[in-house]
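Colleague: My structure is below; once you've seen it, I'll send some questions.
The values are calculated or read from the model by the stated rules, or taken from the named source; none is laboratory data. Quick caveat, the model's predicted, so the values are computed rather than measured. Cβ sites come from the backbone with ideal geometry, for glycine too, and all protein chains shown count toward neighbours. Keep in mind that these areas ignore ligands, DNA and RNA; they rest on the heavy atoms of the full protein, side chains included. Shrake-Rupley method; radii C 1.70, N 1.55, O 1.52, S 1.80 Å.
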Amino acid sequence: MRRAVCPGSFDPVTNGHLDIVGRASRLFDEVIVAVMINPSKSGMFSVPERITMLREVTTDLPNVRVETFQGLLVDFCKTHDAPVVVKGLRAVSDFDYELQMAQMNVGLAGVETLFMPTNPLYSYLSSSLVKDVTKWGGDVSQHVPESVHRRLRSRFDSGAQPE
Ligand code: ADP
């Protein structure tokens, strides 16, 4: 069983994330989307809400499951018998930090990182930008799945602020 992990905050999941998860699901027998729990940052959506959205938008990918993790990603990988992390690279600006983490993770536990170049359609897309644009009334319907778009709108209609 070849298993990979796609880690992140997913606050909320965007079409850029989904593209990477979908492509990874065609390369591996199983992909675990791992939602990072960061106790010092509450985010816009709670972790259970992020998981619900991720599960909704990955129902057509039977070999994808969604879990949470706190602490070291390499420990999560070990527990789940996943020797590979898949990360999307949007631009050179992502590379510096991602390279450091990849080198640390291989050194810590032999966990490899596979970098996937983002689909150029999504290279400028991030969860924080999606939240900001929605806050000011911009239309992000092309950038997030429909169910996420609905939740974003209702969250802002009820007066939420992006982080
Ligand atoms: P964000 O940067 O949007 O807050 P996350 O921490 O949720 O993202 O992202 C988790 C991972 O998803 C990132 O490390 C990156 O590998 C990938 N990712 C995020 N946005 C995109 C995108 N637009 N295209 C490709 N990959 C992306």
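Colleague: Please tell me if Arg65 is open to solvent by 80 Å² or more (accessible area, probe 1.4 Å), basic (Lys, Arg) and farther than 16 Å from Ser9 by Cβ.
Modeller: When the stated conditions are applied, Arg65 does not pass them.
Colleague: What is the residue count in region 104-124 for residues that are in a strand (DSSP E or B), more than 10 Å from the ligand (Cβ to nearest atom) and open to solvent by less than 70 Å² (accessible area, probe 1.4 Å)?
Modeller: Selection size over region 104-124: 1.
Colleague: To continue, here is another question. Between a residue in region 34-52 that is at positive phi and any residue that is assigned to a helix (DSSP H, G or I) and not acidic (Asp, Glu), which pairs come within a Cβ distance under 8 Å, given they are 6 or more apart or on different chains?
Modeller: Sorted first by the residue in region 34-52, then by its partner, the pairs are Gly43/Arg50.
Colleague: I would also like to ask the following. Take Asp96 and tell me if it is free of Cβ contacts under 8 Å to residues at least 40 places away in the same chain and in contact with a Pro (Cβ under 9 Å, 6 or more places away or on another chain).
Modeller: no
Colleague: Within region 15-47, how many residues are under 22 Å from Met1 (Cβ atoms), open to solvent by 30 Å² or more (accessible area, probe 1.4 Å) and within 10 Å of the ligand (Cβ to nearest atom)?
Modeller: 1
Colleague: Please indicate, with yes or no, whether at least one residue in region 130-144 is out of contact with any strand residue (DSSP E or B) (no Cβ under 8 Å at 6 or more places or on another chain), in contact (Cβ under 8 Å) with a residue 40 or more places away in the chain, open to solvent by 80 Å² or more (accessible area, probe 1.4 Å) and more than 12 Å from the ligand (Cβ to nearest atom).
Modeller: Within region 130-144 (the criterion being out of contact with any strand residue (DSSP E or B) (no Cβ under 8 Å at 6 or more places or on another chain), in contact (Cβ under 8 Å) with a residue 40 or more places away in the chain, open to solvent by 80 Å² or more (accessible area, probe 1.4 Å) and more than 12 Å from the ligand (Cβ to nearest atom)), the answer is yes, since at least one residue qualifies.
Colleague: Now a separate question. If Arg90 satisfies all but one of (1) open to solvent by 50 Å² or more (accessible area, probe 1.4 Å); (2) over 20 Å from Pro7 (Cβ atoms), what's the number of the condition it fails?
Modeller: (2)
Colleague: Going through region 1-14 one residue at a time, which ones are open to solvent by 10 Å² or more (accessible area, probe 1.4 Å) and either more than 10 Å from the ligand (Cβ to nearest atom) or within 14 Å of Cys77 (Cα to Cα) (or both)?
Modeller: Within region 1-14, Met1, Arg2, Arg3, Pro7, Gly8 qualify.
Colleague: Still on this structure, please answer the following. Condition first: open to solvent by 60 Å² or more (accessible area, probe 1.4 Å) and either among the aliphatic types (A, V, I, L, M) or within 16 Å of the chain's Cα centre (by Cα) (or both). Can you find one or more residues in region 145-156 that meet it?
Modeller: No, because not a single residue in region 145-156 is open to solvent by 60 Å² or more (accessible area, probe 1.4 Å) and either among the aliphatic types (A, V, I, L, M) or within 16 Å of the chain's Cα centre (by Cα) (or both).
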